[in-house]
1. If you check every pair at least six apart or on different chains, which have Cβ atoms under 6 Å apart with a residue in the range 6-19 that is in the same structural domain as Val60 (by TED's automatic domain parsing) and farther than 21 Å from Asp64 by Cβ first and a residue that is modelled with pLDDT under 95 and surrounded by fewer than 11 Cβ atoms within 10 Å (Cβ to Cβ) second?
2. For the range 1-83, please list each of the helices (runs of 4 or more DSSP H) lying entirely inside it that holds at least 3 residues being loosely packed, with under 14 Cβ neighbours inside 10 Å.
3. Considering only the range 20-54, state which residues are closer than 20 Å to Gly6 by Cβ and touching a helix residue (DSSP H, G or I) at 6+ places or on another chain (Cβ under 9 Å).
4. Criterion first (hydroxyl-bearing (Ser, Thr, Tyr), part of a helix (DSSP H, G or I) and buried (at least 16 other Cβ atoms within 10 Å of the Cβ)) does Thr278 satisfy it?
5. Please go through (1) part of a helix (DSSP H, G or I); (2) under 20 Å from Phe213 (Cα atoms) for Trp309 and return the number of the only condition it doesn't satisfy.
6. Across the range 231-251, what is the total count of residues that are over 14 Å from Arg68 (Cβ atoms) and either in contact (Cβ under 8 Å) with a residue 60 or more places away in the chain or assigned to a loop (DSSP other than H, G, I, E, B) (or both)?
7. Run down Arg86, Arg91 and say which single residue is buried (at least 16 other Cβ atoms within 10 Å of the Cβ), touching a strand residue (DSSP E or B) at 6+ places or on another chain (Cβ under 7 Å), of a type in the set (D, E, K, R) and modelled with pLDDT under 95.
Amino acid sequence: MESEFGKYISSPLFTFVVGQARKEITVHSGPLASLSSTLDKLINGPMMEAKIRQADWSEVVEEDTFVRLCEYAYMRDYTPPSCSEREGKNRSYCPSPVPASDMEQAPVQEYVEAATEEAPEPEPEPEPEPEEVPVPEKASESEAPAETQPYNPFDGFILPYREKSIWSRHLRDKFGDLSVRYTRSNDDVLSGQKAKFAPTGNSHPREDFTPVFLGHAKLYILADTYGISSLADLVLHKLATTLTYFTLCEDNISNVAELVRFSYQGTLPHDALRALATTYVVSMLGQIGESTQFQELLAEGGDFVFDFWQVIWG
């Protein structure tokens, strides 16, 4: 078997013990060893793991993260983590978007709805009495009745953008500028990316994206630890794309806060994952600045607060 894939499937087997359940997963050693010199030494070098053909990663790698690593080793891509549905029957829904010019006068309207109910839609305003004018043959798009507009599950949930004593509008582009860097570095991957590998944002306020954010972050930390730079860059691209498509609501700010906490617990100063998470928070400051979850994150202090201020001040 002269092809690269043929060499992969004919390579010696190697067993990894992963997760709290200490599950043993046996794989062909070739694909994983090809990812970095560090993994090659672990699998084929003079270390004890190479001699017994087994590595114990149970305390550092979860099963799902390891499976994504293997998927990347064979496919040079990986399937993004899945979200879950937020628990709880009653939740306070986010207020409807309000124009910036009306922020000071606009009251905050709260919606409470059972989890099985659909999002409330605003009642249509009464139409003015029609004038005696000829009826056009075809109505324009702006004159289309409200019921013909596409359903948006986030109507009434999206956090409004507010300006306070710190003018934050100029910060909104910082994350876009950073995420473009990762997109450009993965142009070849993106051009051939299959739908199952493509990252997406949330599609409904009830979705809990904490497993998605942390799934990407855990794979990044594993890739960074073992020197798999191509995978680390790909994870940053997918996470940046996910955050770009992510719709912020009052109930899911905690998802972002958990990403920040995990990023700072598992990395060293000046790490790219830290920079990505912090820059996103800064860019969303106009929406989350008054949030309790965000203020609790600031109150925890640490490197995040320092980096957060550096991005704002810079």
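The values are calculated or read from the model by the stated rules, or taken from the named source; none is laboratory data. All of these numbers come straight from a predicted model, not from anything done at the bench. As a convention, Cβ positions derive from the backbone with ideal geometry for all residues, glycine included, and neighbour counts pool all protein chains shown.
1. Every condition considered, the pairs that remain are Ser10/Met1.
2. Details: elements: 4-9, 29-33, 37-44, 48-52, 63-75.
Filter on the range 1-83 gives 4-9, 48-52.
3. Within the range 20-54, the first condition is being closer than 20 Å to Gly6 by Cβ, and the residues that meet it are 26-35, 40, 43-44.
If the condition is that a residue be closer than 20 Å to Gly6 by Cβ and touching a helix residue (DSSP H, G or I) at 6+ places or on another chain (Cβ under 9 Å), then Val27, His28, Ser29, Gly30, Pro31, Leu32, Ala33, Ser34, Leu35, Asp40, Ile43, Asn44 are the ones that fit.
4. Values: hydroxyl-bearing (Ser, Thr, Tyr): yes; part of a helix (DSSP H, G or I): yes; buried (at least 16 other Cβ atoms within 10 Å of the Cβ): yes.
The answer is yes for Thr278.
5. (2)
6. Residues of the range 231-251 that are over 14 Å from Arg68 (Cβ atoms), as a first pass: 233, 236-237, 240-251.
Then drop every residue that is not either in contact (Cβ under 8 Å) with a residue 60 or more places away in the chain or assigned to a loop (DSSP other than H, G, I, E, B) (or both), which leaves 240-244, 246-251.
Selection size over the range 231-251: 11.
7. Details: Arg91 fails: touching a strand residue (DSSP E or B) at 6+ places or on another chain (Cβ under 7 Å).
Every option except Arg86 fails the conditions.
Residues checked against (1) modelled with pLDDT under 95; (2) outside the structural domain of Leu69 (by TED's automatic domain parsing); (3) closer than 19 Å to Gln287 by Cβ:
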{"residue": "Phe175", "(1), (2), (3)": "yes, yes, yes"}
{"residue": "Arg181", "(1), (2), (3)": "yes, yes, no"}
{"residue": "Ser191", "(1), (2), (3)": "yes, yes, no"}
{"residue": "Pro211", "(1), (2), (3)": "no, yes, no"}
{"residue": "Glu250", "(1), (2), (3)": "yes, yes, yes"}
{"residue": "Val260", "(1), (2), (3)": "no, yes, yes"}
